[in-house]
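> Starting off with a structure, shown below.
The values are calculated or read from the model by the stated rules, or taken from the named source; none is laboratory data. Since the model is a prediction, treat every value here as computed from it, not as a measurement. No Cβ is skipped: glycine too gets one built from the backbone with ideal geometry, and neighbour counts run over all protein chains shown.
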Amino acid sequence: MESRPRQIETHHSLDERSLNDIISSGLSSPRPPRQLETVKSSECLEALLSPSIRSSAGTPREHHAFEPHPMIADAWEALRRSMVFFRSKPVGTIAALDPTEDSLNYNQVFVRDFVPSALAFLMNGEPEIVKNFLLKTLRLQSIEKRIDCFTLGEGVMPASFKVLHDPVRKTDTMIADFGESAIGRVAPVDSGFWWIILLRAYTKSTGDHTLADMPDCQRGMRLILTLCLADGFDTFPTLLCADGCCMVDRRMGIYGYPIEIQSLFFMALRSAKSLIKAEGDGKEFLERIDKRLHALSFHIREYFWLDHQQLNNIYRFKTEEYSHTAVNKFNVIPDSIPDWIFDFLPLKGGFFIGNVSPARMDFRWFAIGNFMAILSSLATSEQASAIMDLLEARWTELVGDMPLKVSYPAMEGHEWRIVTGCDPKNTRWSYHNAGSWPVILWMLTAACIKAGRPQIARRAIEQVETRLAKDGWPEYYDGKLGRYVGKQARKFQTWSIAGYLVAKMMLEDPSHLGMIGLEEDKKMKPSLTRSASWTA
Ligand code: GLC
């Protein structure tokens, strides 16, 4: 049974506190939680997980009372088919294996796309492919990267790589793309962050610190972060980015300080903090990380956060305020607030908006940025709960029929023309322009478990199970409700497949969350309250 997940001894190294917190905060169990080492979700969370979920994750257990969902075996089979080998060793998974479409660059291993695959393999006790991937991409990082006559920063990690097999000479070679052949020629800012996050996930899941401790890995992490921690003209701790530098890799008006990058930056900094050794000048580097984390958490929690109260504050902003006493620090003109947000924002609930820069607040919802903010504890626990409240209150808009909208709402008409440059792939309610991406399910699930609201994820997973496999695991869906298989969506898109498996395994055994979730750092509580900051 090649395609079946292997039966494994689960060996999770989750913080004791975190799972106990999760269990006691939202998932009221009839039995008191036991020591983590011995906690099995099937015992401790029995009352909380529905029978279908309890029984259907990818790792079969011995006494199954219920049949696993048939999609799971299909998904494992498809995931294994997508594996890419370099000199006979597995090094990643291909983006999509759609036999009906021109592959374009979907025949490559994308760093961001491999993350859910890696988590699925780690959860199933197969860390080898993840280790190989981390080492191979590290080698690629050290290549000199040029676009025309310009050399990119040393630390940049590739967006993707491709393995070329020469059947005659029997050799394998690897070619990487750092943005020099990507649409728009944008370097992927997210790749390096995902690499660090994955290195931590690998270390947490296997308990093997030797990989992260290797001088090459220590150097790789430092190179990535040095790019972001360099002093410059910045007045904000957030990272200034070009459009299309992350999952949304085409022009979509996310230039500036997009929330997806800020959340990943924060999570990568926190992950690196736990992996970088304090030897030599390591201590000084760790201090720089600490300072940035402090400033970043303050900035995002204060200025990106939007709830009813805050919207009302912005609505009443005065403009042209100079000096330190300014309430409207970025000179946002209230007239620029779009109409939709007034109806969309419920009285209970909130979220981190898409972007904040001088005189510009992008009020759009971006799912990845918000879920990664929860997972990294960039969101305070109150903010995490408020994001969950928003999801419940605006289910139709944000989750729809096929989870989950990458952004909301869509841009159309004149705005679409100006902001996307008339992009025919990003028409309203399609692709990056408020299209629905099944891959985001794993992040939703992890965030829901962390926020103590797993029932929200369960509902989304049930929706996915009605169609995803039947539709051939599409990359994305179109339409206001996400009801239509996307116009140019690839079928057998690997991260749609892996994302589903990860979501299922995590609900089955929430202790997997320790790989990808970080506890709140109590020292990082903002020193100023919003009222002190905004109404000084
Ligand atoms: C699309 C997505 C990008 C993804 C790639 C491969 O370009 O926008 O995020 O990495 O496809 O699946």
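> Based on this model, can you work out whether Asp471 counts as surrounded by 20 or more Cβ atoms within 10 Å (Cβ to Cβ) and in contact with a strand residue (DSSP E or B) (Cβ under 7 Å, 6 or more places away or on another chain)?
Taking the combined requirement at face value, the residue does not satisfy it.
> Would you pick out the residues in region 142-163 that are at pLDDT below 95 and either within 16 Å of the ligand (Cβ to nearest atom) or closer than 21 Å to Val91 by Cβ (or both)?
Across region 142-163, the qualifying residues are Ser142, Ile143, Lys145.
> With Phe298, Phe342 as the choices, which residue is more than 26 Å from the chain's Cα centre (by Cα) and in a helix (DSSP H, G or I)?
From the options Phe298, Phe342, the qualifying one is Phe342.
Residue-wise test of (1) aliphatic (A, V, I, L, M); (2) touching a helix residue (DSSP H, G or I) at 6+ places or on another chain (Cβ under 9 Å); (3) within 24 Å of Val419 (Cα to Cα); (4) surrounded by fewer than 18 Cβ atoms within 10 Å (Cβ to Cβ).
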{"position": "Glu180", "(1), (2), (3), (4)": "no, no, yes, yes"}
{"position": "Trp195", "(1), (2), (3), (4)": "no, yes, no, no"}
{"position": "Tyr202", "(1), (2), (3), (4)": "no, yes, no, no"}
{"position": "Thr206", "(1), (2), (3), (4)": "no, yes, no, no"}
{"position": "Leu240", "(1), (2), (3), (4)": "yes, no, yes, yes"}
{"position": "Met252", "(1), (2), (3), (4)": "yes, yes, yes, no"}
{"position": "Ala268", "(1), (2), (3), (4)": "yes, yes, no, no"}
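> Considering only region 192-203, I want to know if a residue exists there that is in contact with a His (Cβ under 7 Å, 6 or more places away or on another chain), within 26 Å of Val502 (Cβ to Cβ), in a helix (DSSP H, G or I) and not aliphatic (A, V, I, L, M).
The answer is yes; a qualifying residue exists.
> Looking at region 93-106 only, could you name the residues that are within 10 Å of the ligand (Cβ to nearest atom) and under 22 Å from the mean Cα position of the chain (by Cα)?
Ile94, Ala95, Ala96, Asn105, Tyr106
> Being over 21 Å from Leu375 (Cα atoms), in contact with a Pro (Cβ under 7 Å, 6 or more places away or on another chain) and part of a loop (DSSP other than H, G, I, E, B) narrows it down to one residue among Gly244, Gly179; which is it?
Result: Gly179 is the single residue among Gly244, Gly179 that is over 21 Å from Leu375 (Cα atoms), in contact with a Pro (Cβ under 7 Å, 6 or more places away or on another chain) and part of a loop (DSSP other than H, G, I, E, B).
> Can I ask one more? Output the residues belonging to region 151-167 that are part of a loop (DSSP other than H, G, I, E, B) and farther than 23 Å from Met83 by Cβ.
Within region 151-167, Leu152, Gly153, Glu154, Gly155, Val156 qualify.
> If you check Val332, Val327, which single one turns out to be among the β-branched types (Val, Ile, Thr), surrounded by 15 or more Cβ atoms within 10 Å (Cβ to Cβ) and not in a helix (DSSP H, G or I)?
Checking each option against the conditions leaves just Val332.
> Please go through region 474-483 and give me each residue that is closer than 14 Å to Asn433 by Cβ and either within 11 Å of the ligand (Cβ to nearest atom) or surrounded by fewer than 24 Cβ atoms within 10 Å (Cβ to Cβ) (or both), ordered by number.
Listed by number, the residues that qualify are Tyr476, Gly479, Lys480.
> Taking the conditions exactly as written (closer than 27 Å to Phe371 by Cβ, within 16 Å of the ligand (Cβ to nearest atom), out of contact with any strand residue (DSSP E or B) (no Cβ under 8 Å at 6 or more places or on another chain) and without any contact (Cβ under 8 Å) to a residue 60 or more places away in the chain), does Ala295 satisfy them or not?
It is false that Ala295 is closer than 27 Å to Phe371 by Cβ, within 16 Å of the ligand (Cβ to nearest atom), out of contact with any strand residue (DSSP E or B) (no Cβ under 8 Å at 6 or more places or on another chain) and without any contact (Cβ under 8 Å) to a residue 60 or more places away in the chain.
> Of all residues being within 21 Å of Gly482 (Cβ to Cβ) and without any contact (Cβ under 8 Å) to a residue 60 or more places away in the chain in region 416-426, which is surrounded by the most Cβ atoms within 10 Å (Cβ to Cβ)? Just the residue, please.
Trp416
> Still on this structure, I have one more. Here is a list: Ala489, Ala503, Ala498. Which entry is aliphatic (A, V, I, L, M), out of contact with any Asp or Glu (no Cβ under 8 Å at 6 or more places or on another chain) and within 16 Å of the ligand (Cβ to nearest atom)?
None of the others qualify; the one that does is Ala498.
> Pairs please, first residue from region 375-399 and in contact (Cβ under 8 Å) with a residue 40 or more places away in the chain, second anywhere and among the acidic types (Asp, Glu) and in a loop (DSSP other than H, G, I, E, B), Cβ atoms under 7 Å, 6+ apart in sequence or on different chains.
Pairs found: Ser377/Glu519; Ser377/Glu520; Ser377/Asp521; Ser381/Glu520.
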